[in-house]
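Read-outs: derived from the displayed coordinates by stated rules, not from any lab. These numbers were taken from a predicted model, which means no experiment stands behind them. Neighbour counts are summed over all protein chains in view; Cβ atoms, including those assigned to glycine, are modelled from backbone coordinates with ideal geometry.
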Amino acid sequence: MKAISSLVILAGGASSRMKKEATRSDGLSEEDIKQANERSKGLIGVGKQGRPMLDYVLYNAKAAGFTNIYIVVGENGQLFQDFYGSQSAGNHFHGLEINFAVQFVPDGMIKPYGTADALYQAVTQYPELQEQRFSVCNSDNLYSVEAFRALRVTEVPNAFIAYDRSAMDFPEERISRFALAKLDDEGYLLDIIEKPKADQVDAYRDQWGKLRVSMNAFTFDGEKMYPYLKNCPVHPERDEKELPTAFLNMLGEFPRSAIGVPFSEHVPDLTAKDDIVDVKKYLEAHYSVLDWA
């Protein structure tokens, strides 16, 4: 199966948790707080010379072999174009082609309609994605080159990175809220449960006794996935169309067409203000120089 060249980066969310007050103040500058309150998470300046988190996501994506990037932004996403190209499509950034899709807020709502809707709007605005396999990730998680490469070269039509929960360097309370994946003994995806309850956890251990979590790093068959993005139901409590729901609905018709690729590594994450200092330290230690060549 042909390796994938296209990556869709979800960056149009409301970032509501980032806008809450920090629980610690060490290392956070006034500029950090200002950006956290005003910018999309992927654009918060955590790197050298104030470069945003998204630089590092793109850097690893390019190193893994992706060439075509589709960034899903909100209706007020002008700042993304200031960083990555003024055109709606066909921008060039360090050898990557950058295209922007806009996640429009439905009439009567005050925030975007969730991750499934974000991807649906991107695939609608760029119909070529309906005819190919492509990968998807968040703008505020720093996935490794190896994880990105695994998504590109998988021989199965659909896949996601199934992270070992015990390898995540986060507080236990936070980890316990991550979506858990249930795989069969051959690694095919059976179920994903969002925000699992404590008494549900053990049922989701894999054949090695590991709990596998999703960090929204996927590969999809665009042709198969598109109708399920379009018709994704709204979660009754969160009032959002969620990507795992659309994914599982697709698997209901096409079982054993998605695998979980096991990985055991930390994924730096910008969810709340408290994460900014930790991510800055991580980037300083592991990405002292970005060599885009």
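Give me 202, 169 ranked fewest to most by other Cβ atoms within 10 Å of their Cβ, as a rough exposure proxy.
On the way: 202 9, 169 12.
With the sparsest Cβ surroundings first, the list reads 202, 169.
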_Name the residue from 190, 147, 89 whose Cα lies farthest towards the positive end of the charge dipole of the chain, charges +1 on Cβ of Lys and Arg and -1 on Cβ of Asp and Glu._
89
*Give me the lysines in straight-line cross-link reach of residue 19: C-alpha distance below 17 Å, same-chain residues under 8 apart excluded.*
34, 41, 111, 273
*In debye, nearest 20, what is the charge dipole magnitude of the stretch 150-240 about its Cα centre with +1 on Lys and Arg Cβ and -1 on Asp and Glu Cβ, if you could check?*
180
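Exposure proxy check: 154, 219 ranked by fewest other beta carbons within 10 Å?
Listing 154, 219 from fewest to most nearby Cβ atoms yields 154, 219.
If each DSSP helix of 4+ residues adds -39,500 (n - 2.57) and the sum is divided by the residues in the chain, what number results at 222 nm, nearest 500 deg cm²/dmol?
On the way: 9 runs with 85 residues, N = 293.
That comes out to -8500 deg cm²/dmol.
Among DSSP bridges having both ends in the stretch 6-286, what percentage is antiparallel? Round to the nearest 5. Could you put the intermediate results ahead of the total?
Details: 22 of 43 bridges.
Within the stretch 6-286, antiparallel bridges account for around 50 percent of the total.
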*Would you tally the net charge around residue 229, using a Cβ to Cβ cut-off of less than 14 Å, leaving residue 229 out, and scoring K and R as +1, D and E as -1?*
-3
*Between 117, 278, 26, find the one with the highest GNM mean-square fluctuation for the chain; connect C-alpha pairs within less than 10 Å.*
26
*Alpha-carbon centroids, the stretch 147-168 and the stretch 11-86: separation in whole Å*: 23
*Would you please classify the overall shape of the chain from the alpha carbon gyration tensor, given that a ≥ b ≥ c denote the square roots of the eigenvalues, rounded means a/c under 1.5, and beyond that prolate means a/b larger than b/c while oblate covers the rest?*
rounded
*What order do you get for 201, 277, 123 when you list them from fewest to most C-beta neighbours inside 10 Å?*
201, 277, 123
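In terms of the Cα gyration tensor, with a ≥ b ≥ c the square roots of its eigenvalues, is the stretch 83-201 rounded because a/c is under 1.5, prolate because a/b exceeds b/c, or oblate? It would help to have the intermediate numbers written out before the result.
Numbers: a/c = 1.78, a/b = 1.45, b/c = 1.23.
It comes out prolate by the Cα gyration axes.
Net charge within 13 Å of residue 190 by Cβ-Cβ distance, Lys/Arg positive one each and Asp/Glu negative one each, not counting residue 190 itself? Write down the numbers at each step before the final one.
Values: positive: 182, 205, 212, 256; negative: 184, 185, 186, 191, 206.
The answer is -1.
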*asked:* Once you order the gyration tensor axes a ≥ b ≥ c over the Cα atoms, which shape class does the stretch 1-70 get: rounded for a/c under 1.5, otherwise prolate or oblate by comparing a/b with b/c?
replied: prolate
